[in-house]
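Here the structure is laid out as structure tokens; the discussion comes afterwards.
The values are calculated or read from the model by the stated rules, or taken from the named source; none is laboratory data. Everything numeric here is computed off the predicted structure, so don't read it as measured data. All Cβ positions, even for glycine, are placed from backbone atoms using ideal geometry, and neighbour counts span all protein chains on display. These accessible areas exclude ligands, DNA and RNA; they are computed on the full protein's heavy atoms, side chains included. Shrake-Rupley method; radii C 1.70, N 1.55, O 1.52, S 1.80 Å.
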Amino acid sequence: NGGGLLDDYMVDYMSRTPIGGVSNDVAGGEHFPLPMAGILGPKVLLTNELAGSGGDYFPWAFRRLKVGPLIGTRTWGGLVAAAVPYALVDGGTITAPSAAVFGLDDAWAAEGEGVPPDIEVPLDAKSVATGRDPQLERGVAEALKLLQQSSIKPLTLPPASKRARWPAP
């Protein structure tokens, strides 16, 4: 993620946890989880030194909301937005720093330092040249491990005796 947007809604969807369900009365049909909009279950995030600006924000927020482990290398640490470019007489442009992201802990988010991974996995040229992606491989391994440890249970209907009756007695 080279930046451009702060995709806070994506981190919000990823941080959601199941709170209930909606019944599906179709024979053999699966029940729908609540919240319906969300990516439920274990998650990992791959990141590297090319992630900046919004690419710094996303792993920063992912970690803050304790969505899952960050795997890869440190992001580049440039989370301050640039103002609209100003035209120069030679046809070039110049920008100036403008808005910046900060946390509720009186600290600027990732600015100048980036977001370090929880699990350091460099992306080496030799592996890439042979068609391998060590970060993706480790991410899949970690996600599978988290899935085995997951406490998410399949949705089951409560007993019929506990269903609400309308109007309530």
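The figures follow:
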{"read-out": "GLU113, GLU142, ranked by accessible area, largest first (probe 1.4 Å)", "value": "GLU113, GLU142"}
{"read-out": "Table column - 3J(HN,Hα) (Hz), the stretch 90-101, Karplus curve with 6.51, -1.76, 1.60, x for Gly and Pro", "value": "8, x, x, 9, 9, 10, 10, x, 10, 5, 9, 9"}
{"read-out": "Nearest 10 degrees, 0 to 90: helix 54-64 Cα axis against the chain principal axis", "value": "40 degrees"}
{"read-out": "Hypothetical label at VAL140: residues of the stretch 61-83 whose amide nitrogen lies under 20 Å (7 Å Cα-Cβ projection)", "value": "69-73"}
{"read-out": "Long-range amide H partners of ALA51 with built H, under 5 Å", "value": "TRP76"}
{"read-out": "Spin-label model distance (nm) - ALA81 vs ASN24, 7 Å beyond Cα toward Cβ", "value": "4.0 nm"}
{"read-out": "For semi-axes √(5λ) of the Cα gyration tensor in Å, calculated from these coordinates, the label among [x] 53, 40, 32; [y] 32, 17, 14; [z] 41, 23, 14", "value": "[z]"}
{"read-out": "Hz values of 3J(HN,Hα) by residue in the stretch 41-47 - Karplus curve (6.51, -1.76, 1.60), Gly and Pro given as x", "value": "x, x, 9, 10, 10, 8, 8"}
{"read-out": "Heavy atoms of ASP106: accessible area, 1.4 Å probe, square angstrom to 10", "value": "150 Å²"}
{"read-out": "Antiparallel DSSP beta bridges within the stretch 1-101, percent to nearest 5", "value": "65 percent"}
{"read-out": "With every protein chain in place, the chain: carbon and sulfur % of accessible area (1.4 Å)", "value": "61 percent"}
{"read-out": "Most mobile of PRO18, PRO42, PRO97 in a GNM of the chain (Cα contacts under 10 Å)", "value": "PRO97"}
{"read-out": "Relative contact order of the stretch 11-64, defined on C-alpha pairs under 8 angstrom at six or more residues apart (%)", "value": "36 percent"}
{"read-out": "For the stretch 37-103: relative contact order, % (alpha-carbon pairs under 8 angstrom, 6 or more apart)", "value": "30 percent"}
{"read-out": "Size of electric dipole in the chain: Cβ of Lys, Arg +1 and of Asp, Glu -1, about Cα centre, debye, nearest 20", "value": "1020 debye"}
{"read-out": "Sequence-separation-based contact order of the stretch 77-155, relative, with Cα cut under 8 Å and 6+ spacing, percent", "value": "22 percent"}
{"read-out": "Considering only the chain, percent of DSSP beta bridges that pair antiparallel, nearest 5", "value": "60 percent"}
{"read-out": "Dipole axis of the stretch 1-85 (+1 Lys, Arg; -1 Asp, Glu on Cβ), positive-most option in SER53, LEU6, GLY77", "value": "GLY77"}
{"read-out": "Selected from GLY20, GLY38, GLY54 as most flexible by GNM, with the chain as the system and alpha-carbon contacts under 10 Å", "value": "GLY20"}
{"read-out": "Among LYS153, LYS145, LYS66, residue whose mean-square fluctuation peaks in a GNM of the chain (springs only between Cα atoms under 10 Å)", "value": "LYS153"}
{"read-out": "Solvent accessible area, Å² - SER151, 1.4 Å probe, full protein context", "value": "100 Å²"}
{"read-out": "Mean accessible surface per residue for the chain, computed with a 1.4 Å probe while every protein chain stays in place, in Å²", "value": "68 Å²"}
{"read-out": "GLU111 accessible area, assembled protein chains, probe 1.4 Å, Å²", "value": "70 Å²"}
{"read-out": "Degrees, to the nearest 10: 134-149 long Cα axis against longest axis of the chain", "value": "30 degrees"}
